[in-house]
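The values are calculated or read from the model by the stated rules, or taken from the named source; none is laboratory data. Quantities reported herein were computed from a predicted structural model and do not represent experimental measurements. Positions of Cβ are backbone-derived with ideal geometry, glycine not excepted, and every protein chain shown enters the neighbour counts. Side chains included, ligands, DNA and RNA excluded: accessible areas come from the protein's heavy atoms. Shrake-Rupley method; radii C 1.70, N 1.55, O 1.52, S 1.80 Å.
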Amino acid sequence: MSKDNQILEELTSKEYEHGWSVNYEADEAPIGLNEEIINWISAKKEEPQWLLEWRLKAFKTWQNMTEPEWANVTYPKIDLQSLRYYSAPKQDKKPKSLDEVDPELLQIYERLGINLNEQKKLQGIAVDAVLDSVSVGTTFKATLSKLGIIFCSFSEAVKEHPELVKKYLGSVVPMTDNYYAALNSAVFSDGSFCYIPKGVRCPMELSTYFRINAANTGQFERTLIVAEDEAYVSYLEGCTAPQRDENQLHAAVVEIYAAKNAEVKYSTVQNWFPGDKNGKGGIYNFVTKRGICAGDHSKISWTQVETGSAVTWKYPSCILKGDHSIGEFYSVAVTNNYQQADTGTKMIHIGKNTKSRIVSKGISAGKSQNSYRGQVQVMKRADNARNFSQCDSLLMGDRCGAHTFPYIDINNSSAKVEHEATTSKIGEDQLFYCNQRGISTEDAVALIVNGYAKEVLNQLPMEFAVEAQKLLALTLEGSVG
Amino acid sequence: MLTIKNLHASIEGTPILRGINLEVKAGEVHAIMGPNGSGKSTLASVLAGREEYEVTEGEVSFKGKDLLDLAPEDRAREGVFLAFQYPVEIPGVSSTNFLRTAVNQVREYRGLEALDAVKFLTMMKEKMKLVEIDQKLLSRSLNEGFSGGEKKRNEIFQMAMLEPTLSILDETDSGLDIDALRIVSNGVNQLKSKDNATIVVTHYQRLLDYIVPDYVHVLYKGKIVKSGTKELALELEEKGYDWIKEAVDSEATV
């Protein structure tokens, strides 16, 4: 027993790998939230009048909303008036290409293992790097534009492709959708925009890498992905933040639009700072992600590996509007120490012969609380809708909690909905068996957990899968004792 | 190689082993027999280091080291292998992946280089023949959905891969039909050498027709009450355990 305690001690004191921060001169909005700040952000970004009006409308709506409290999480409320809503690294002039970006900023990403230098990049992944409130650079833009693919920062899209932004912004997640979505709509600063024209299969993975660096600053980014008829894209998202004592807010909105026969795969490896082992600090991750399968035979697939954040509140969802459209949600959510996660999905079947599949794997350790919350809704005219849901929970130790809240709402008698759920504990027997073959307890836990999460990890692009496996092991190190 | 002196062990305060003495030398095969509840499997578990059992007295030295002082994984790395009576399932982890992790951790402990994928597969192919195991089985989740016979064969296959110096087979014959018993025993016999030793824990004599022991010990109420050669096993098969129980129990009442 004493040996286990020692391992526990050693490993839980292991520091969050990305917990450093960099000092750079920043261009910041004054602290606080009001119409003036929104005007300030919009002016800073040289936005058109329609967008400013859109923001102000969202702000008005938000002022009449209250923070949701139905999630199975508890945390001290954030004073939204004490936050800063815009912070950007100061650059002498706007860089026209990556070569002009301040090398110091590029170094931040290099330290995170993300190389923004195209020449050096071997693997076919285009990256948009978002630091605090702005995008610092996007790679492979030229290569992609030859195919008609638009991949750029959200601000740039507002300037260069206003008609597309205007058409799709808020079309999947309306500004009135919920408290955090409304807040995001009012103050969002940057994010990524991606447009795949008709008939084009995007030849490389597109990815956004979010990094919060500044203190007391909220990150409110927006991602908008549009796939026209027969288009295909696989999109990746990664996130880290410095280690800080106070809680930081991240309230993003992601919207996906899939037209006829289009397919969008969206993968996230979320590794925001989870707070220290006593539950101090960490990111509040309150995110709205939704996709619409607007066209017939379209498909949207969400895959997420959630290991970070102090509190996660996130339900990537699919509206299956087109006939024969397919929605998928694959999730691994890990909580350790004092982390809390309330995550799941909504599958809304509207079209005929629509199918959805939900695979959720929760892993709780330490004193954490991990909840799956999911809704399957079959509308009246959604003949022959199919859903399969599988929600598994794995518990490590006896001080954590796993909860499942499935909601099923069926309005068409031809629907077939299946729900399977299991709860298990990492068995002493499994650990002893591994030990007896010479495998250390730490490696045994990693092996067992990766096996448990395999069905989800298999959905990730190769490179991300390896990263995710390491992250799972790292998050859970020292959690058996 | 293995010396057990006056070993006492209990589980949740109940004594199970009450003074075991045993000496196993390289090249030997020892059979531990005895009626249900005599402590056979406990002995196997205590040697492998299962935590539920508390050693209350006695000592065990293995190749000159204090075995009881080592963590279970280090005992394995030193060369102690336990073929489980009930092999454990690990969903989503293939036998191949599991074994590669195990083999390389053992090698690292012994100061050997890790095997790369090619070398590992070559070794696997070679050892697979020993227990006539199918490659398909090895790409499936470890022990999940395996038949009783497949699980036991997989145990012996793992033993072949890890090349232990002391193998403890805990009721490896239970749940095996005659063919599987022959295959498993053949595997064990082929792995025998003058440098390693085997302890066979079993209920029945029939396994010992295939794996011929040099010594047979009868365990009863947590003690070795009788030792002999393979003839003792035949005698037990014929007469059952009652005559031994009676002899021990009457001695105790005197």
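GNM on chain B, alpha-carbon springs under 10 angstrom: the most fluctuating residue among B:146, B:157, B:62 is B:146.
What does the highest-first list of B:159-171, A:272-284 look like by mean Cβ count within 10 Å?
Values: B:159-171: 22.9, A:272-284: 21.1.
The packing order, highest mean first, is B:159-171, A:272-284.
Residues of segment B:27-69 whose accessible area (probe 1.4 Å, heavy atoms of protein chains only) drops by at least 20 Å² once all protein chains are present, relative to their chain alone: B:48, B:50, B:51.
Leaving ligands and nucleic acids out of the surface, order B:155, B:113, A:163, A:455 by accessible area at 1.4 Å, largest first. Mind showing how you got there, number by number?
Numbers: B:155 0, B:113 145, A:163 110, A:455 65 Å².
Sorted descending by solvent-accessible area, the residues read B:113, A:163, A:455, B:155.
Between residue B:132 and residue A:147, take the C-beta separation as r, use R0 = 51 Å, and let me know the FRET efficiency to the nearest 0.05.
Details: r = 54 Å, r/R0 = 1.06.
That pair, residue B:132 with residue A:147, gives E of 0.40.
Solvent exposure of the protein assembly as shown, expressed per residue, is 41 Å² of accessible area, with all protein chains present and a 1.4 angstrom probe. Could you look at segment A:378-449 and say what percent of its accessible area is carbon and sulfur, using a 1.4 Å probe and all protein chains? So the carbon and sulfur contribution to the accessible surface is 47 percent.
In this calculation the C-beta distance from residue A:75 to residue A:462 is compared with R0 = 25 Å, giving a FRET efficiency of 0.10.
When Cβ neighbours within 10 Å are restricted to other protein chains, what is their mean count per residue of peptide B:88-97? Display every interim value, and only then the final one.
Numbers: counts 9, 4, 10, 8, 12, 10, 2, 0, 0, 3.
Rounded to a whole number, the mean comes out at 6.
Between segment A:259-305 and segment A:395-441, the C-alpha centres lie 21 angstrom from each other. Mean partner shielding of peptide A:447-454, defined as the number of other chain Cβ atoms within 10 Å of each residue Cβ, is 5. Protein heavy-atom surface of chain B, 1.4 angstrom probe: 48% of the accessible area is carbon and sulfur, with nucleic acids and ligands not counted.
From the square roots a ≥ b ≥ c of the eigenvalues of the alpha-carbon gyration tensor of segment A:316-397, which class results: rounded (a/c under 1.5), prolate (a/b over b/c), or oblate?
On the way: a/c = 3.79, a/b = 3.16, b/c = 1.20.
It comes out prolate by the Cα gyration axes.
Positive-end ranking of B:157, B:17, B:4 along the dipole of chain B, with charges on Cβ about the Cα centre, is headed by B:157.
Among rounded, prolate and oblate, which fits the protein assembly as shown when a ≥ b ≥ c are the square roots of the eigenvalues of its C-alpha gyration tensor, a/c under 1.5 means rounded, and a/b larger than b/c means prolate? Verdict is prolate for the protein assembly as shown.
Interface of B with A. Using a 1.4 Å probe and counting protein heavy atoms only, the two chains hide about 2200 Å² of accessible surface, both sides summed.
Simple spin-label estimate for residue A:43 and residue B:234 gives 10.5 nm between the two label positions (7 Å along the Cα-to-Cβ direction from each Cα). In order along segment A:282-287, the Karplus-derived 3J(HN,Hα) couplings, from 6.51 cos²θ - 1.76 cosθ + 1.60 at θ = phi - 60°, round to x, 8, 8, 10, 10, 10 Hz, and Gly and Pro are given as x.
Across peptide B:77-87, the mean count of Cβ atoms from other chains lying within 10 Å of each residue's own Cβ comes to 2.
Each label point was placed 7 Å from the Cα along the Cα-to-Cβ direction; for residue A:159 and residue B:52 their separation is 6.8 nm. With a Förster radius of 45 Å applied to the C-beta separation of residue A:64 and residue B:117, the computed FRET efficiency comes to 0.15.
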